[in-house]
Structure formats: structure tokens, C-alpha cells
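Student: Just dropping this structure here.
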Amino acid sequence: MDPARSTTIRRLDDRLINQIAAGEVIERPSSVVKELMENALDAGASEIQVVIERGGVKQISVTDNGYGMSDEDLVLSVSRHATSKIAEFDDLSRVTSLGFRGEALPSIASVSRLTINSRSSSEDSGWKLSGLGGDFDEPRPVSGPIGTRVTMEDLFFNTPVRRKFLRTERTEKAHIERVIKCLALARPQTGFSLTADGRRSFSVPVEATPDQPQRVESILGRVFSENSIRVDSEANGMTLLGWLGSPAFSRSQSDMQYCFVNGRAVKDVSLSHAVRRAFSDVMYRGRQPAYVLYLRVPPDTVDVNVHPTKNEVRFIDARTVHDFVYRAASRVVAESGPQEQLSGDQGFHSRGSPHTGYLGRGSTTHFRQNRLVLPESGGETYPGIAVSGDVPPISSTCGAPQPVRIDSEGSPPLGFALAQFKGAYILAENSAGLVLVDMHAAHERINYEHLKTRLVDQVPASQPLIVPIMLDVASSEADLFEQHEELFKQLGFSVSRVGRTGLAIRAVPEILKATDTASLVRDVLTDLAKLGRSDRITEHVEMVLSTMACHGSIRENRQLSVAEMNALLRLMEKTERSGQCNHGRPTWKEISVTEFDRWFHRGR
């Protein structure tokens, strides 16, 4: 290029504009499938068939039975910024369709060979439109059923550098399957199928009920359905429905995390953080929760016009949405105790069944004297929380006799203790079979939940510092601190601003006085800047409480009487999250009589 003309401003032609737009919208074959399927869903399709060849690079065909298009609409559909979904700016604040930009078809057409066959219900014949690299012929009449079929061939044929970034055919096919499954979860009232290189690889029929348990099971598998917990919560105009995998059903990666906002699949840091936080002390470190969640909020409280791919959204009040999702998920996780898990009240069952503390199929209430068994006093003491009475002597009792709900066969959920095994496990018998309990892990959870409850009821005690800790921060961080100063006060900190870029920490929560306070405050400010919130202080407090609970729990090789073991089982049945210890390890397992019979080849 002539250097003298290198700074000359010129108008780009439409083809180049579309190719630039395609770089934002069309990243790989799965992007094409997503855009075409969203168009089909917006057109009211109840059946969508996807056919691909060679990972979608050679060919992608999407056929639907939606409204179809006339010849005039067909021509407009491949023009930039032509859409039937919005007409004015205010429509963006209440958009409910999956697409609305009018960029998908022209972007796809600019980097491929595109053919569209469509027939509307008001016409006796359809129309066909063919194009190469964004240049289209005139539409011509063809026969065909009502609906639309879009066939894309030779993706990126005119931008070979884009093809270099594609992966193997198998990988690209996997991305396409993920997109289809995601949309299938979002729209249970629509049937979907995928045929790859002549072989049907995925198919789900129209879901008969709006609750869609079969759709979720067919996509995430029976193991998820058998180990999931129902979520159903509503508050302040928001609703959250769906399923959470139980704490024991965790993944090494986030491949089973689906979140939908007003029917749109999204990846939102705030929402995923809320769910992870709900599982924070019941899931083993490094593991990922599995979930399918459907969040509905008023359309005018969420902005979907954030990213060209429409995978991201922005909430007007992100903190309120985050807290709503966290509370709903946390409540469900907390309530998934032994009574639900041992009774079969899991999988795709509602969380609304009444259990009156214990889950029993019968109606008889028996009373037993429970002795509260805890280690001898004299362990470590911790500042900042009143722990007197939290570790009573071995001779203490639970107080008044406690009601134990039993089933028709005379057994509470975790049954009655039989013996102690290897100084670490309790063997108990319930109506289903044998229950094995890790007594230290179980007692650790009981103590941990008790300490958390006591701390919630107290005002955090503060420890004044003889010499204030001085922090040098950016002026923007100092401004951020002033906006959230009340938060620090509520958590037991005394912090003040000094000049434009200084903070003086004059008191810290007594329970955290051994923590690196300067680093903690810096991390909190970083979280507030990025997310508008921070859970780091709470997490540090919970780490201290977890250590306290661990040190104050029954140790291995501690001999317990049968009465003491039964007392521990009853406490487990009344304690939230008692299926896992504070570190995410399981506290109990059940072996059914059926399994014993199978091992020994017995028939009943």
C-alpha cells in the first residue's frame, strides 16, 4: 500500500463488513448451528433436525417446521440488521427472542456457500435462495413443506486462515452436540435430532410435561437424575427452577453446568459463583457441582445485548440476583440430609414433601434417651467466638428425650447402631440394610454447623491493634472502600481512609487475628471491584470454624457405647449438610440388603 494513502479513511464494502462481523459471531461450526437453531426456535419450530458432515466444516443443514418465509422475507433475511424481532430501541429492554441483531445469516453467508429453502403457511409453494460468499442469486420457487431448511457448505472457504484455528472433526462435532443439548434443555417443548456423517447421534422427542424430567435425564444421564435435588424458589419477581447434583455427585470439570436466564443459555460469572458458594463446604476441593437451573427475571431487569454471541447477560441488580440464587441453592443443599437420601426423596422428586425432621414412612413416634457424646474438654481454645459448652464432657446428655421418627419397620433413617469397626466407623442397621458412618467426619460436620449457628447469633468481636496496619492502595480502591465501609464494620473491622491512597486498619475480627489482614483486605477490594461483592472474609471465618470443629470432634480409636453411637446418628439426622464433612468427604454410606443378597447369590 502506498504510504501516502495508508491513513486515508474509506468506507468498507458490505462483503468485508459481513466477514468482520462473522469473526465475532461465527467462531467455529457450532456457532453456525447455534445461530440457525435459535432462528428456528424464534420461528416457532416444534421439530429441528441438524445434519452435519466432517464436523460441520463440509456441511451443516438445519431443518425446522416453523413459520417459514416469503420470497421478500427470504431476501431480507440475508441482509445485515434486518430482523422481525425488534422495531425500536425500547424493544431491547424487553426482548424475549433468542435472536434480535439481524446478523446471523449474513455473517454465515459471507464465509460459506449458503442455500435457504423456505415456505410459509400462507403460500402453496416455497422459495429457494442460493449464495456464495455473501453474493446471492434471485429467489426461485420450489416445492417443499412448511418451514425452513438452511444448508451451509464449505465453512471459511474464502478465509482459509480461519480454518487453521479449527480442531479435529471429532472435537468440532462435540462442540455441536454441546450446543444442541444446551438448546434442548432450554426448550423441552421442541424435539431435536443430530445426524453426523450419516449416523444419528442424538435425538430427543417433544417433552410432554413442562417439568421436563425425561429431557434432563436423557441429556445428563440416569446417574445425574438419581443423584439430583430439586430446586424451586421464588422471591421478588424472580423464580429459580431446576436440579442440583447432590454433593456426592461432583465432577472434575464444569461440563455438567447449564444455566438459563429467561430461556436463554448463558455463561454468567455471578450465577456460577452463587452455586459454587452454596456447595463450598460440602464438596471436595477441586471438584465442580453439576446443575441445570432455569432463572426467570423480569425482561427489563436484564440486558441481553452484551455480546455478539448473546452468551452473556448483564443484570441491573446483579447482587440481588446472586444472593437469590445462592440462598435458593444453599437451602436445598442444606436440606438434603440422610432422611431424604435414604428415603429416595431425591432424583427428580420435589423438595416440598413434609418430613417433620426425619423421613419415616410410618406414623409412630418413639422416644429414646440420647446421650450427647463429645470429646473430653481441654482441647484448643479459639478467640472471637464463645465456645464454652460447645465441647462438653463425655458424661453430658442431650437434655430432654428427643423424638425419633421411625418408619413402618421400626427404624429411623440412619438406623440403630450395631457396633464400632476399626475404631473409626459405626455400623448401623436400618430398614434398607447396613449403614456405615465415619464417626469423626460426621461429628465434625455436626460441630461445624453448630459453631456457624452460634457465630451468626453473635456480633463479631473485634481485636484493636496497638499499631495500625497501613495499606497503600490505588485511589480507586480507596474510593471503593468508602463505598463499602459499612460492610467492613459489620464483619468486625475498623478501617479508615488516610489521604488519597491510604487505608489504616485499626481493628480486626478477633477470630481472624492470626490471618494476613493486609492481604485479606486487598483481596476483598479486588473482589468488590470485579464482582461488586466479596465472600473472602466469610470464607476465612469458615476455615477457622472448620478447624475448631475438627479439633473438637471424636477421634479415631475412641471407644463408644451403643447408646453414644445412637446419639451421634440422631444428631446427624437433625443436622444440615450432614452427608459430607467440612472438607467434602462423605460421612456415611448405605449397603442395601439387595446388594448383600447379590454378593452371596441369595434370592428373596
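Student: Give the residues of segment 253-297 that are part of a helix (DSSP H, G or I), of a type outside the set (A, V, I, L, M) and within 26 Å of residue 441 (Cβ to Cβ), sorted by residue number.
Tutor: The answer is 276, 277.
Student: Restricting the search to segment 418-458, which residues are farther than 30 Å from residue 594 by Cβ, free of Cβ contacts under 8 Å to residues at least 12 places away in the same chain and not in a helix (DSSP H, G or I)?
Tutor: 457 - this is the single residue of segment 418-458 that is farther than 30 Å from residue 594 by Cβ, free of Cβ contacts under 8 Å to residues at least 12 places away in the same chain and not in a helix (DSSP H, G or I).
A quick yes/no check of all residues on (1) modelled with pLDDT of 85 or more; (2) closer than 19 Å to residue 277 by Cβ; (3) in contact with a helix residue (DSSP H, G or I) (Cβ under 6 Å, 6 or more places away or on another chain):
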{"position": "526", "(1), (2), (3)": "yes, yes, no"}
{"position": "540", "(1), (2), (3)": "no, yes, yes"}
{"position": "555", "(1), (2), (3)": "yes, no, no"}
{"position": "558", "(1), (2), (3)": "yes, no, no"}
{"position": "575", "(1), (2), (3)": "yes, no, yes"}
{"position": "579", "(1), (2), (3)": "yes, yes, no"}
{"position": "582", "(1), (2), (3)": "yes, yes, yes"}
{"position": "586", "(1), (2), (3)": "yes, no, no"}
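Student: Identify all residues within segment 227-248 that are in contact with a strand residue (DSSP E or B) (Cβ under 8 Å, 6 or more places away or on another chain), over 11 Å from residue 336 (Cβ atoms), surrounded by fewer than 20 Cβ atoms within 10 Å (Cβ to Cβ) and of a type outside the set (S, T, N, Q); write none if there are none.
Tutor: Across segment 227-248, the qualifying residues are 232, 234, 238, 241.
Student: Ok, one more. Being outside any helix (DSSP H, G or I), more than 17 Å from the chain's Cα centre (by Cα) and among the β-branched types (Val, Ile, Thr) is the filter here, so list the residues in segment 298-337 that pass it.
Tutor: 302, 304, 306, 309, 316
Student: If you don't mind, there's one more thing I want to ask. Restricting attention to segment 484-502, report how many residues are loosely packed, with under 14 Cβ neighbours inside 10 Å and either under 17 Å from residue 455 (Cα atoms) or touching a His at 6+ places or on another chain (Cβ under 6 Å) (or both).
Tutor: 1
Student: Keeping to segment 198-252, report how many residues are of a type outside the set (Gly, Ala, Ser), part of a strand (DSSP E or B), under 30 Å from residue 61 (Cα atoms) and touching a helix residue (DSSP H, G or I) at 6+ places or on another chain (Cβ under 9 Å).
Tutor: So the count comes out to 2.
Student: On the given criteria, is residue 404 at pLDDT below 90, in a strand (DSSP E or B) and either under 26 Å from residue 333 (Cα atoms) or touching a strand residue (DSSP E or B) at 6+ places or on another chain (Cβ under 9 Å) (or both)?
Tutor: For residue 404, the condition - at pLDDT below 90, in a strand (DSSP E or B) and either under 26 Å from residue 333 (Cα atoms) or touching a strand residue (DSSP E or B) at 6+ places or on another chain (Cβ under 9 Å) (or both) - is met.
Student: Okay, next question. Do we find that residue 497 is farther than 30 Å from residue 316 by Cβ, touching a Phe, Trp or Tyr at 6+ places or on another chain (Cβ under 9 Å) and in a strand (DSSP E or B) in this structure?
Tutor: Considered against the rule, which asks whether it is farther than 30 Å from residue 316 by Cβ, touching a Phe, Trp or Tyr at 6+ places or on another chain (Cβ under 9 Å) and in a strand (DSSP E or B), residue 497 comes out as no.
Student: A further question on this structure: Could you please let me know if residue 219 is over 30 Å from residue 316 (Cα atoms) and either crowded, with 19+ Cβ neighbours inside 10 Å or of a type in the set (Asp, Glu) (or both)?
Tutor: In short, yes.
The values are calculated or read from the model by the stated rules, or taken from the named source; none is laboratory data. Source: prediction; values computed, not measured. Cβ atoms come from the backbone with ideal geometry, glycine included; neighbour counts cover every protein chain shown.
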